[in-house]
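Shown next, in structure tokens, is the structure this report addresses.
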Amino acid sequence: MPEFINISVYKFAPLPELPPLRVSLLQLTQANALRGTILLSPEGINLFVAGTRENTTKLLDALHAVPGLEDLTPKESVSNEQPFNRMLVKIKKEIIAFGVDGIDPARRPTVKLPARTLKQWLDEGRPVTLLDTRNDYEVRMGTFRGAVPAGIGHFRDFPGAVAKLPAELEAQPIVMFCTGGIRCEKAGPFMEREGFTNVHQLDGGILKYFEECGGAHYDGECFVFDRRVGVDPQLRETRSVMCFNCQMPLTFAEQQHPHYVADKTCPHCFQGKPSKTARSM
């Protein structure tokens, strides 16, 4: 059985000439049987792609030749099956939809905290607020012990969630985190603009933390946006699935619920589809 290398990486860097770059990347990925999504925008690149080691290396070599992307360093995981259905290369206004003007992570980034440093802080019991910037359905599958969820259904809701945070947090140490780090690239500068003075972002997000520190201080799994649905702290695919009806992720424990009927309904939609689903977020 072939082994598929799953790579994910983003970079905030000015990218001109997007249409010809899109065409060249689409041709390269299709010629090398790669699948996934590459988002290009004037602010940078964000990609999730899977294929053989040889072919993902070809893609990375091509990206490293693009001015501004020379130091792309992807996170990797392995799967026995291709987790993506097709290959998409899109040009977007933003590589992560936020909708707030004036946030420029390339020029004004938030301080990044290495995964091992966060683990050390948590081992020592340092007073720090862990802020989970992901959507509620992702948080439900797993998060750091004691973390404060943003309480959002879409990343565009994050500014409103920040406005509800207690004022006393403005000067206290905050470490924000997300799946791979990209949301925090915009969430951090936004919080600093709103008056928070001691904000860090977990470098590489939960997936990098899993890679370097395993499951220390973390409960559950991490939702991923492909057919694997979830990975555990060893970056192995879990037994979670997406509900056929409403597209909400379900852990193995939730699949034991009496309202879960495979290919029909789950505890979230047995009385009708929820107003927001994982697919729509």
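The values are calculated or read from the model by the stated rules, or taken from the named source; none is laboratory data. Predicted model only: the values in this text are computed from it and were never measured. Cβ sites come from the backbone with ideal geometry, for glycine too, and all protein chains shown count toward neighbours.
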>> Let me confirm something: among Pro233, Pro267, which residue is at pLDDT 95 or above and either assigned to a loop (DSSP other than H, G, I, E, B) or more than 30 Å from Gln120 (Cβ to Cβ) (or both)?
In response: Pro233
>> For the stretch 117-132, give me each residue that is touching a residue at least 12 places away in the same chain (Cβ under 8 Å) and exposed (fewer than 13 other Cβ atoms within 10 Å of the Cβ).
In response: Asp123, Arg126, Pro127
> Mind checking which residues of the stretch 133-157 are crowded, with 17+ Cβ neighbours inside 10 Å, within 21 Å of Pro189 (Cβ to Cβ) and in contact (Cβ under 8 Å) with a residue 40 or more places away in the chain?
Replying inline: Thr133, Arg134, Asn135, Phe155
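Considering Phe225, Phe196, Phe252, Phe244, which residue is assigned by TED's automatic domain parsing to the domain that holds Asp157, part of a loop (DSSP other than H, G, I, E, B), out of contact with any Cys (no Cβ under 6 Å at 6 or more places or on another chain) and not charged (D, E, K, R)? Spell out how you get there, then give the answer.
Numbers: Phe225 fails: assigned by TED's automatic domain parsing to the domain that holds Asp157; Phe252 fails: assigned by TED's automatic domain parsing to the domain that holds Asp157; Phe244 fails: assigned by TED's automatic domain parsing to the domain that holds Asp157.
That would be Phe196, the only listed residue that is assigned by TED's automatic domain parsing to the domain that holds Asp157, part of a loop (DSSP other than H, G, I, E, B), out of contact with any Cys (no Cβ under 6 Å at 6 or more places or on another chain) and not charged (D, E, K, R).
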> Filtering the stretch 97-139 down to residues that are basic (Lys, Arg), assigned to a loop (DSSP other than H, G, I, E, B) and at pLDDT 95 or above, which residue is farthest from the chain's Cα centre (by Cα)?
Replying inline: Arg126
> Residue check: is Thr179 among the hydroxyl-bearing types (Ser, Thr, Tyr), at negative phi and either assigned by TED's automatic domain parsing to the domain that holds Pro42 or without any contact (Cβ under 8 Å) to a residue 12 or more places away in the chain (or both)?
Replying inline: no
>> Residue under question is Ala161, and the condition is that it be surrounded by 20 or more Cβ atoms within 10 Å (Cβ to Cβ) and without any contact (Cβ under 8 Å) to a residue 40 or more places away in the chain; does it hold?
In response: no
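Yes/no per residue for (1) buried (at least 20 other Cβ atoms within 10 Å of the Cβ); (2) under 19 Å from the mean Cα position of the chain (by Cα):
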| site | (1), (2) |
| --- | --- |
| Ile7 | yes, yes |
| Lys11 | yes, yes |
| Glu17 | no, no |
| Leu26 | no, no |
| Lys58 | no, no |
| Thr73 | no, yes |
> Among (1) in contact (Cβ under 8 Å) with a residue 60 or more places away in the chain; (2) touching a Phe, Trp or Tyr at 6+ places or on another chain (Cβ under 8 Å); (3) of a type in the set (S, T, N, Q), where does Thr73 come up short?
Replying inline: (2)
>> Looking at the stretch 214-224 only, could you name the residues that are of a type outside the set (Gly, Ala, Ser) and surrounded by fewer than 19 Cβ atoms within 10 Å (Cβ to Cβ)?
In response: His217, Asp219
>> Quick check on the stretch 75-90. Is at least one of its residues under 25 Å from Met191 (Cα atoms) and surrounded by 13 or more Cβ atoms within 10 Å (Cβ to Cβ)?
In response: no
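Report, by residue number, each residue of the stretch 63-96 that is in contact with a helix residue (DSSP H, G or I) (Cβ under 6 Å, 6 or more places away or on another chain), part of a loop (DSSP other than H, G, I, E, B) and not acidic (Asp, Glu). Break it down into steps so the answer makes sense when it comes.
Filtering the stretch 63-96 for residues in contact with a helix residue (DSSP H, G or I) (Cβ under 6 Å, 6 or more places away or on another chain) gives 69-70, 72, 75, 87, 89, 91, 96.
Still in the list and also part of a loop (DSSP other than H, G, I, E, B): 69-70, 72, 96.
Hits for the stretch 63-96 are Leu69, Leu72, Ile96.
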>> Restricting to the stretch 46-56, name every residue that is buried (at least 17 other Cβ atoms within 10 Å of the Cβ), part of a helix (DSSP H, G or I) and not hydroxyl-bearing (Ser, Thr, Tyr).
In response: Asn55
> Here are some residues: Arg35, Arg22. Which one is basic (Lys, Arg), surrounded by 18 or more Cβ atoms within 10 Å (Cβ to Cβ), on the phi < 0 side of the Ramachandran plot and touching a residue at least 12 places away in the same chain (Cβ under 8 Å)?
Replying inline: Arg35
